[in-house]
Each structure stands twice: as structure tokens, then as C-alpha cells.
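Report on the following structure.
Computed from the coordinates by the stated procedures, all read-outs in this text should not be read as laboratory data. The shown structure was predicted, so the numbers you read here are calculated from the model rather than taken from an experiment. Cβ sites come from the backbone with ideal geometry, for glycine too, and all protein chains shown count toward neighbours.
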Amino acid sequence: MSGSFSSLNTALSALRYQQTALDVASTNIANASTDGYVRRRALGQTVGAAAAPALWSRSNEVGSGVQSSGVERMVDPLIDTRVRREHARQSFLDTKADALTRVEGGIAEPGDSGVSAALIDFRKALHDLVNAPGSDAARSQVVSSAAVVADSFNIQARNVSDEAGDQRARALESQQQVNDLATQLAATNKIIATAKANGTDTSTLMDSRDQMALKLAELTGATATQRSDGGMDVAIGGVSLVKGSTAGSLEITAGIDSSGAADGSPVAFTVHPADGTADTVVSVEGSLGASAELLNVTLPNYLAQLDGIAQSFASDLNAAQMGGQDANGNAPAKALFTGNSAATIQVTVGFTLRDVAAADPLVGGSDSSNADKMADAITVDDDYQRLVNGFGSDVASVKRLSDNQRAMSTQIDASREQLAGVSIDEETVNMVMAQHSYEAAARVMTTVDEMLDTLINRTGMVGR
Amino acid sequence: MTQSMLSHQALGGMQTAMGRVAKAQEQLTTGRIINRPSDDPSGATTAMRIRSSMAMQDQYVRNGDDAVGWLNQADGTLTSVTDQVRRAREIALQGANDGAMGQDARDALATEIDQIRQGLVSSANTTYLDRPIFGGLTAGGRAYDYQVPGDSSTQVDFIGLSDPNGVVRTIADGAKVRVDVEGPDVFGQPNDTVFDHLTALAASLRSGNTAGITSAVDSLAVDGTRVTNVQAEIGARTNRVERAQSVATDSALSLKSSLSEVENTDLAKATVDLGLQNVAYQAALGATARVIQPSLLDFLR
């Protein structure tokens, strides 16, 4: 048999629990648009009879109210792992697509200002010289359009090396960010472990822990595993970067010096592991991995092909030019171009219009057959078109991959949001429920109060 | 389903729609469907190839213009050379009729022959764009000159630069045409030139050497035939150049239209596209405005 006041206590427990539910709902609403916030849910638990009754007591088996058994954070670790993986892929592809799009913009093809157009103009100037070998205007046109070809090669080479410079700066900054995040994550892990041990709510800490792990994944493709003490371990390429409360560090061991300049070798990464084992060279994914791939493969390949084209253009033209006789009667004539790469090719310093070798040295005079040979020596069009075509295809395919990946990551984000996101409607429903339960519990109190009033003030009044 | 899922979806949808509008707008404003190689890599290559061939065809047309200039100049000059040689032959025939003519009249004819000779020398030095058209590849300004420069009574020598290829112009892929004629082919080989014949004729007229005059009549006839033959050949070359030019003009035009097909925006299609994308974008905006606003709160008192 329960005591007269037990219902009052039951109502009180309901008031307290509904208060908590309302608090949780209001926190959810307050953070409805906070980045990385995971929806909480108040968990209620029936307060039943004592499991082991005292000697003469007996349960009435009705129960004695409700208690809050904690606040649940609505996450699914599996989905979170998936989110990190897809985000890492997305940031890899996005970084690559952005960089390639910028380089592509600098190619200026097809159009009137690229290498292709400069080659056309140069060939035209040479043909005009064939028609008028004695004309200074035609000669100076040849020299200046040769300079335009050299310039357009230079501009493209500079464009590619500028992009490489940007990527190096970006890689350095990302590396710094990775190490900062690793340190912060280790510190957060420590606080979570402590807080959990003394029973404090760790939801907010876990939100920021998950966000740091996600950011690390986006930067490096790092994988994360949850620890039993609530913290999170992070590994890059399988090598531990953060282990509990200790953080290792990521180092760029080759390819980029501390000032952001290239040191001539491919970019390589090493992790100094958190657990003190030996340093390990790792392959990095995410946006840092994309920068490394651009710096090690994509940009150098493009530049090497462009260099090859510029070099064969210069040597073909020089061979043709030097096989002829210039307007001053010199044979072999002065070389037209110097430099053996796209970045360094230029018209020989001091090359004047009378140095153009229009004539065959065996004929001389007003012969212009050598200018014709020079025009025929421009044979790099095909190679250049192939290069642009190949690069265009690369850019198009990376953009397409990035779009596909975006569809995938959006879907994964949606399933995470389904679970962890705050629905205002749902919270409103929760609030209304809590409010009504609160009112009902208050009514229980009033009812018990009236019952007690009846019992105390109105019983034993017979005959009065 | 949560509010932020809705807004993310709405945002994504709007951005996609706006991206499509931007694409259609870019195609309309630049007038080109290929604005960077990745828009259509093979199309971009085709466009580059066509541009390059187009430039070549334009160049062939320009080369042809230059060639026609040379050839017309040569043709006109040869017509006047023919006239002058014919006139010299007439004079020779006149001089050969010795019966009616006194030495004074023959001297007068000899003087006219001298004039014709000088006229022929200046024809032989005709230039096109400052180059003597009968001088081969010479860098100088004259094809023929007197042995003693300035003395028109001395022998006339070819001072041009002969070359088996001569002055050539490329008028089509791999097709070159010679646009000059070398002096000796027109005026005769050294020591057997029309100038030598005229000198001999003038001398025969002055000395009354009838046999000399008669042989001059014959050699001038040979000279005239040679010039006419060269002129016929020039005409044939002109024809060839003009035909090549019209082919080059045609192919430049057809290349231009292919380039436009590959590279340029189909305005009607792009305008319709832009309209459609715009409607889609507005629909996305409208839907977003409707979806984002209400929540349960709007319906609770």
C-alpha cells in the first residue's frame, strides 16, 4: 500500500521530466541551423517499484512516476564514417576540378589569342615574306609575330607554374591546418574522457569532435574510429595521427620548402605517429592529396608536353632559319629563337629584321624559298591540338566525376541530416506534448490536493 | 525530413537551375558554344584545325592576288614588247625595199630603230613592287643594262639572277606557280638578243647592207614569235592562278561555315534554352519560397 502523498511525488517527477523534455526541445530549436549540431532526445524511464522490497513492504505495482534517464545524441557512427569518406572524395575531386578549370581558362583555346592563333599569324607573316622578300615591313612582321608565338608559350607556361605555386601554398596551409586540428582533437578527446568519467554531458564536445574528424577527412582523407572513452582516433593512410589524448603530426618531407617554393622533387608526406612508432611515408587523399597529385603529375605532365612542343617548334624554325641567308648576306643566318622550354623560349636578343633568312644561300638575291621552308617548318599545330584536346578531356572528365560524387555526397548528407538534423515540426510536437503533460501532471497535483482536503477537512464531521 | 534538408535541397536545386541559366547565357553572350576546351574537347580541336586551314586558304588567296599582279604586269609589258618588235620588223621590211629609198630615209629609219631599242630596254626593266619582272631573283632594280651604263649605243646585257625555280607563289596545298619570266626567255639568249638584232639592223640600215637588213627581218620574226609564245604561257599561268584562287575562296567560305557550325551558338536554340532554364529557375525559386515558409507553428494558435 503506497502512502497518501506518493501520487504527489509521481506528479512532481512528471513535472521535472517534462521540464527536461522542454529544455531539450528548446536547445534543438535554438541549434536548428548550427553547423555540426546533432539533434538530442530526452530519454524517459518509468520509476517502478523497488526491485528488492524491504522486509515488510510490498509493491502496489503501479509505479511511481518517471525519471530522465539521459539525453541521447542522434548519430549513427556508420553513416558518419560514410559521410567522412564521401566528403574526402568530394574535396579531392573539387580541388582538382577547380585547379584544372583555372589552368584551362589560361589556355585561351579555341580563340584568337592562344598559341594556335599566334602560330597561324606567324605562318601568315612568313608567307607574306615569301611574296615580298625585299620588304622591310614583311620582315618586321615576321620578327614581331615570332615574338608573339614565344610570348603565348611563355604565358601558358607561367599560367601553369602560377597554379603550381598556388597549390604549394595551399598544401602548406592545409598541412598546418591538419596539425592544428590533430592537436585540438587530441585535447577534445582528453576532455571527453574526463567528462564522461565524472558523468557530465559530453554531447557538445562530441559535436565538435565529429566536426574536427570530418574536416581532417576532407583535408587528407583520414579515417576515424571511435574510442570506448568517447574520444576519436584518426589515421592518415592507415598511420595513426591522433590516438586518444596524444596527437602526432603530418609533415611535407619533399617537394615544397618552407617558403612555399618547389624543391624539384615530387611532393611526399610523412606522419610522425601519435603512438610514438616510427615515422611513416603515407599517401594522402582529400584536398591535400589533390594538391599533391596536381603538383606531382597533372601540372608537370602538361608543362612537359608544352615544353616539348615549344622546344621542337624552336629547333625546327632555327634549323630552317639557319639553313638560309639573311638580308645582309650572312649564311648560316642567326638563330631566330633561344630557350628550350615553353617558359624560356624567346626571340634571340638583338635579332633584327634584316636577320630573317628569306633566301636560299645557293641562290641569294631576292630569293624567298627559305622563308617558304620556314613556314613549312611550323609543324607543331597537330601536337598542340592533341595536347589541348587531351587536357580538355581531362578537365571535362574530372568535372563529370565531381558532379557524380556530389550527387553521392548529397545523398549521404541527406541520410545523416535525416537522423541528426532538427525538424522544427517535430520539436514543436515535442513541445506541445511536454506542455500538455506538464499541465496534466499539475492537474494531478490539484486533484490529490483536493482529495487530501476532503480527507483532512471534511472527514469526521458527521453530525456537526 | 527536416527543415534544413529542405533548405539544402532547395538551395542545391536553385544553384543547379541558376548554373544552367548561366551556361545558356554564356553561350548567348559570347555567341559560342565552345568557350573552353572542356566544353567539347573534340569540337575544340576541330575548331582549331578549321581555323588553321582557313588561314591557309586565305593565304592562298593573297598569294594568288600577288601572283596575278606579277603575271598581269608581265602580260601588259609583253604586249608592248610585241608591238615594238613588230614595228621594228616593219621598218626593216621598209628598209629592205631599197629601190625607192635614199640613204637619208634609211638613216631616219635607223634612228627610229635606236629609239625602239631604247624603248625595249626600258620595257625589259619593267618592275612590279620594285622588282624587275624579267630579272629573275636579282636583288637589284634592273634586269638589263647597257655595257657602258647610260650609253644607249653600247651592247645590252642581262644582269638579272637566273634560277631554275624563279619567283614562285604557293597558290594551293603543294601547288606552286612561277610568276616571273626571265629576260633571256623573252629577249633571246646572250649575243642573240633582240637588242643585238636591232643594233645590227640599225648598222645595216646606215651602211645600206641589204643582206643584213633582210637577215634582221628574219631574226626579228623569230623574236616576235618567242615573245608571243611567252605571252601565251603567261596567260595559261594566269588562268591556273585564278582557278586556284576561286577554289581557295570557296573552301575558305565553306570552312568558315563549318567553323560556325562547330563553334557558334545556334541562337534560336540557345534563346529557347535560356527561356526554358529561366522558367525552371523561377519554378525552383517559387517552390522554395512556398516550402521554406510554413512550419507547424503557423498552424498552432
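Ranked by Cβ crowding within 10 angstrom, fewest neighbours first, how are A:T280, A:T34 ordered? Starting with the residue having the fewest Cβ neighbours, the order is A:T34, A:T280. Note on the stretch B:63-256: with charges restricted to the Cβ of Lys and Arg (+1) and Asp and Glu (-1), its dipole about the Cα centre is near 440 debye. Considering only beta bridges that DSSP places wholly inside the protein assembly as shown, some 95 percent are antiparallel. Mind checking which of A:T379, A:L317, B:G76 is farthest towards the positive end of the protein assembly as shown's charge dipole, using Cβ charges of +1 (Lys, Arg) and -1 (Asp, Glu) about the Cα centre? So the residue furthest toward the plus end is A:T379.
Cβ crowding within 10 Å, taken as a proxy for footprinting-reagent exposure, orders A:V38, A:V284 from fewest neighbours to most as A:V38, A:V284. Taking 27 Å as the limit for the C-alpha separation, the pairs A:K124/A:K399; A:K96/A:K124; A:K215/B:K23; A:K399/B:K269 exceed it in the case of A:K124/A:K399; A:K96/A:K124; A:K215/B:K23. Cross-link partners of A:K190 among aspartates and glutamates, defined as those whose alpha carbon lies under 14 angstrom from its own and excluding same-chain residues fewer than eight positions apart: A:D229, A:D233. About its Cα centre, the stretch B:1-151 has a charge dipole of approximately 1200 debye under the convention of +1 per Lys or Arg Cβ and -1 per Asp or Glu Cβ, with nothing else charged. Using the Cβ of A:V148 as centre and a radius below 14 Å, the other residues enclosed give a net charge of -1, where K and R count +1 and D and E count -1. Projecting each Cα onto the charge dipole of the protein assembly as shown (Lys/Arg +1, Asp/Glu -1 at the beta carbon, about the Cα centre), which of A:A138, B:T2, A:A88 comes out farthest on the positive side? Working it through, the farthest residue towards the positive pole turns out to be B:T2. Once you reduce the stretch A:377-393 and the stretch B:130-153 to the center of their Cα atoms, the two points are 49 Å from each other. Dividing the mean sequence gap of close Cα pairs (under 8 Å, 6+ apart) by how many residues chain A holds gives a relative contact order of 22 percent.
Shown for A:V271, B:V247, A:V297: other C-beta atoms within 10 Å of each C-beta, ranked fewest to most, produce the order A:V297, B:V247, A:V271.
Here chain B carries DSSP beta bridges of which approximately 90% are antiparallel, counting only pairs with both residues inside. Remark: spin-label model distance A:N296-B:L296 equals 5.3 nm, labels positioned 7 Å along the Cα→Cβ axis. Toward the positive end of the charge dipole of the protein assembly as shown, with +1 on the Cβ of Lys and Arg and -1 on the Cβ of Asp and Glu, the farthest Cα among A:S174, B:V186, A:A193 is that of A:A193. Note on B:L253/B:D173: beta-carbon distance plugged into 1/(1 + (r/R0)^6) with R0 of 22 Å gives a FRET efficiency of 0.85. Cα centroid separation, the stretch B:87-114 to the stretch A:140-194: 93 Å.
Each Cα pair under 8 Å and six or more residues apart adds its sequence gap; the mean of these over the residue count of the stretch B:63-256 is a relative contact order of 29 percent.
For chain B, the longest principal axis of the Cα atoms and the long axis of helix B:210-263 meet at an angle of about 0 degrees. Taking a straight Cα-Cα cut-off under 16 Å and skipping sequence neighbours fewer than 8 places away in the same chain, the aspartates and glutamates within cross-link reach of B:K256 are A:D112, B:D58, B:D266. For chain B, take the longest principal axis of its alpha carbons; what is the angle in degrees between that and the long axis of helix B:194-207, to the nearest 10 within 0 to 90? Tilt relative to chain B: about 20 degrees.
Over all other residues within a Cβ to Cβ distance under 15 Å of B:G188, the charged ones net out to -4, with Lys and Arg as +1 and Asp and Glu as -1. Of the complete DSSP H runs in chain A, those spanning 27 angstrom or more by Cα along the long axis with a mean Kyte-Doolittle score not below -1.0 are A:6-30, A:77-107, A:136-197, A:299-322, A:381-420, A:424-453. Taking the Cα centre of chain A as reference, the dipole from Cβ charges on Lys and Arg (+1) and Asp and Glu (-1) amounts to some 1940 debye. Against chain B, whose longest principal axis is taken from its Cα atoms, helix B:103-124 shows a tilt of about 20°.
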